[in-house]
1. Show the residue pairs that are 6+ apart or on different chains and have beta-carbon atoms under 7 Å apart, the first residue being within segment 275-292 and farther than 22 Å from ILE72 by Cα, the second being surrounded by 22 or more Cβ atoms within 10 Å (Cβ to Cβ) and modelled with pLDDT of 80 or more.
2. For segment 80-94, which positions are touching a residue at least 12 places away in the same chain (Cβ under 8 Å) and not polar (S, T, N, Q)?
3. Somewhere in segment 215-230, is a residue surrounded by 21 or more Cβ atoms within 10 Å (Cβ to Cβ), modelled with pLDDT under 90 and on the phi > 0 side of the Ramachandran plot?
4. In segment 115-124, what count of residues is obtained for those that are of a type outside the set (A, V, I, L, M) and closer than 15 Å to SER31 by Cα?
5. Surrounded by fewer than 18 Cβ atoms within 10 Å (Cβ to Cβ) and closer than 19 Å to GLY216 by Cβ: does that describe VAL327?
6. Of all residues in segment 338-382, count the ones that are among the charged types (D, E, K, R) and either in contact (Cβ under 8 Å) with a residue 24 or more places away in the chain or under 18 Å from LEU160 (Cα atoms) (or both).
7. Scan segment 30-56 and report the pairs whose first residue is closer than 17 Å to ILE15 by Cα and whose second residue is open to solvent by 50 Å² or more (accessible area, probe 1.4 Å) and aliphatic (A, V, I, L, M), with Cβ atoms within less than 6 Å and a gap of 6+ or a chain change.
8. Test each condition in (1) among the polar types (S, T, N, Q); (2) under 30 Å from VAL155 (Cβ atoms); (3) surrounded by 14 or more Cβ atoms within 10 Å (Cβ to Cβ) for THR82 and report the one that comes out false.
Amino acid sequence: MFTLNRAQAGNIGRILLKIALCSFVIFLPISISGAQISLGLALLFWVVSSVLLAKPLVKADSLNLPIITFLIALVVSVVFSTDFLSSLKNLKTFWIISVFFLTVNNLESEAELKRLYSIFLIVMTLMAGYGIIQHFVGVDLNKLTKLGGDYSRTVGLFSLTLTYAEQITMALCVSLGFFLYSNVKKDKILFCFASLVMFLALIWTYSKGPLIGLLGGIVTLGVLKGKGKSIGIILLIVILFGLVLYFSKGTSRRLFDLRSDNRLNIWKTNLRMIKDRPLTGVGIGNYETYNYRKNYLGGECHAHNNFLHIQATAGIFATIAFLWLWVILLKEGIIAFKQVPKDSFYLKGLAAGGVSALVGFLVSGLFEYNLGDAEVAMFMWFIAGSLIFIRKGINLK
């Protein structure tokens, strides 16, 4: 009779974990259900294999304490919320932070990073291509429904245009990082093509926050590269961006028509909420109901700003922890970029693209609550875990 010892069973668990990770990055640009099922399986295989192999589940790194502090502050805000049961129920939305711990504690090599990001960028480029087709056809071929809005805004396979746009923004920053640092002509051409397809798909989402976030990411890439030739490339991209805005009147109207944008009123109202409950906020998931009860807003469900939303719902302690988390994450990402050897072109490109993607996420998050969008946040935490893995890998050499 065939039997397995603990080590063999643990190694099988590790193999299944790697398969689940590949499945996760495949589904990330396609389906939230597929991505979260894959994530759940990966977490299960991670725990089981760690127990069987007697390995520590979580290794020490610089982001553990800020994340744990942030989570504790969220729990405290639930306890003192205006609706305890609602906040307790909505606390589970932050389980996707597990993507960070899964990534940073289970990546093992540069080859694995290449495999995962290659799979993701291929699928993302295909979804961007599908979005371009959507724009010209004016129909969501997946649902056989007409695209919403006046501009045929592309949505990919998601239900919301902003989800699609936010993912493309970060993926585009990563792709541009690979393009700038690749030393193989064929790879440069492929990354240039992928970036162009994603760029066009992003333009035709007509989304303000992600487009501004992309500019933030591009500026970050230029600063990190710091050489005249590459700055010229970045300027060329910015000029292309301007030309597309000029010739795409729908994009221009969406970006610069402030009269139809209610964000300023939302932010003003958000400040009133913060003044009401500055320490622990109104509670996670209570933003919309609190607005109705106080007659502050006509049913807005979030603050259209990550920092304002966290302050309003979870209070000052969660906001401070969130800021601390991002300061450490960006600092570690920049250190990782600087310490990657110059001849490690792939890791250099990933570190640069990863940092720029996080900056793009933050800049876009000044206009949207993209932290609350699961498909977007999962990709952000995956990038964060990759950067910390690169940083730790460098320190281990």
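1. TYR290/MET273; TYR290/VAL282
2. Going residue by residue through segment 80-94, those that are touching a residue at least 12 places away in the same chain (Cβ under 8 Å) are 80-84, 86-87, 89-91, 93-94.
Across segment 80-94, the qualifying residues are PHE80, ASP83, PHE84, LYS89, LEU91, PHE94.
3. no
4. Residues flagged as of a type outside the set (A, V, I, L, M) and closer than 15 Å to SER31 by Cα within segment 115-124 amount to 1.
5. Details: surrounded by fewer than 18 Cβ atoms within 10 Å (Cβ to Cβ): yes; closer than 19 Å to GLY216 by Cβ: yes.
Spelling it out, VAL327 is indeed surrounded by fewer than 18 Cβ atoms within 10 Å (Cβ to Cβ) and closer than 19 Å to GLY216 by Cβ.
6. Residues that pass the stated criteria total 4.
7. Going by the 6 Å Cβ cut-off, the qualifying pairs are PHE45/LEU16; SER50/LEU57.
8. (2)
The values are calculated or read from the model by the stated rules, or taken from the named source; none is laboratory data. Just so we're clear, the structure is a prediction, and the values are computed from it rather than from any experiment. FYI the Cβ positions are ideal-geometry reconstructions off the backbone, even for glycines, and counts take in every protein chain you see. Surface areas here come from the heavy atoms of the whole protein model, side chains and all, with no ligands, DNA or RNA. Shrake-Rupley method; radii C 1.70, N 1.55, O 1.52, S 1.80 Å.
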